[in-house]
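To start, the structure itself, in structure tokens.
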Amino acid sequence: MSIPETAAPAQATSPANTVQSDAGTGASSAVEQRLAELGLTLPEVAAPVAAYVPAVISGNHVYTSGQLPFINGKLEATGKVSPGTEGTSDESTVSPEAAKRYAEVCAVNALAAVKSVIGDLDRITRIVKVVGFVSSDPSFTGQPGVINGASELLGKVLGDAGQHARSAVGVSVLPLDSPVEVELIAEFA
């Protein structure tokens, strides 16, 4: 999976770097093959940071918990998304462009959570809903553009089944000071 650049110089990484995991070795489904064509691999499911599970099944739907942009088990950036180089405080900031790439990471992590409970991503018949949270500097109003990272990725790997209803919400802070969090509801057969 490509690692987004962040606005904080100490946290900047090259987008040319890729993340490899055992879960992504030998893509076993058409969805995973499309991820591989995009240079992305399905990671291991992130361990919960509190008292919950990554995903649950109810009927023919999978509900994921909010997924943070963990790459190889590490949160690569922290801080608020800000349109400028500085936020309204001394907190670290993340550019909208980097946050959009982190939303993509969140979507890949959500797909890993879905796979953990249904076994094969090709069973997905529709992404029903995506909810994205953006830790926002008070001057930032571009939350929909940030969450487009998740929406666009789902469309690329699932085609028409990736088209979904969505909410993009600005919040004052997210767990672990993450810049973005994404959850989804997927229908499966």
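The values are calculated or read from the model by the stated rules, or taken from the named source; none is laboratory data. The structure displayed is predicted, hence computed values, not measured ones. With ideal geometry, Cβ positions are generated from the backbone for all residues, glycine too; neighbour counts draw on all protein chains shown. In case anyone asks, the SASA skips ligands and DNA or RNA and just uses the protein heavy atoms, side chains included. Shrake-Rupley method; radii C 1.70, N 1.55, O 1.52, S 1.80 Å.
Which one is nearest to ASP122 (Cα to Cα) among residues in the range 44-55 that are open to solvent by less than 70 Å² (accessible area, probe 1.4 Å) and at pLDDT 95 or above?
If we take residues in the range 44-55 being open to solvent by less than 70 Å² (accessible area, probe 1.4 Å) and at pLDDT 95 or above, then ALA55 is nearest to ASP122 (Cα to Cα).
Taken over the range 89-132, the criterion of being of a type outside the set (S, T, N, Q), under 18 Å from ALA55 (Cβ atoms) and open to solvent by 10 Å² or more (accessible area, probe 1.4 Å) is satisfied by LYS115, VAL117, ILE118, GLY119, ASP120, ASP122, ARG123, ILE124, ARG126, VAL128, LYS129, VAL131. If we keep just the residues of the range 133-189 that are open to solvent by 60 Å² or more (accessible area, probe 1.4 Å) and acidic (Asp, Glu), which is farthest from the chain's Cα centre (by Cα)? So the residue we want is ASP160.
In summary, PRO83 fulfils each of the numbered conditions (1) outside any loop (DSSP other than H, G, I, E, B); (2) of a type outside the set (A, V, I, L, M); (3) touching a Phe, Trp or Tyr at 6+ places or on another chain (Cβ under 6 Å) with the single exception of condition (1). What is the number of the single condition among (1) touching a Leu at 6+ places or on another chain (Cβ under 7 Å); (2) within 14 Å of VAL108 (Cβ to Cβ); (3) of a type in the set (A, V, I, L, M); (4) modelled with pLDDT of 90 or more that ALA36 does not meet? Going through the list (1) touching a Leu at 6+ places or on another chain (Cβ under 7 Å); (2) within 14 Å of VAL108 (Cβ to Cβ); (3) of a type in the set (A, V, I, L, M); (4) modelled with pLDDT of 90 or more, ALA36 breaks only (1). Within the range 83-95, the presence of at least one residue that is closer than 25 Å to VAL169 by Cβ and at pLDDT 95 or above is confirmed.
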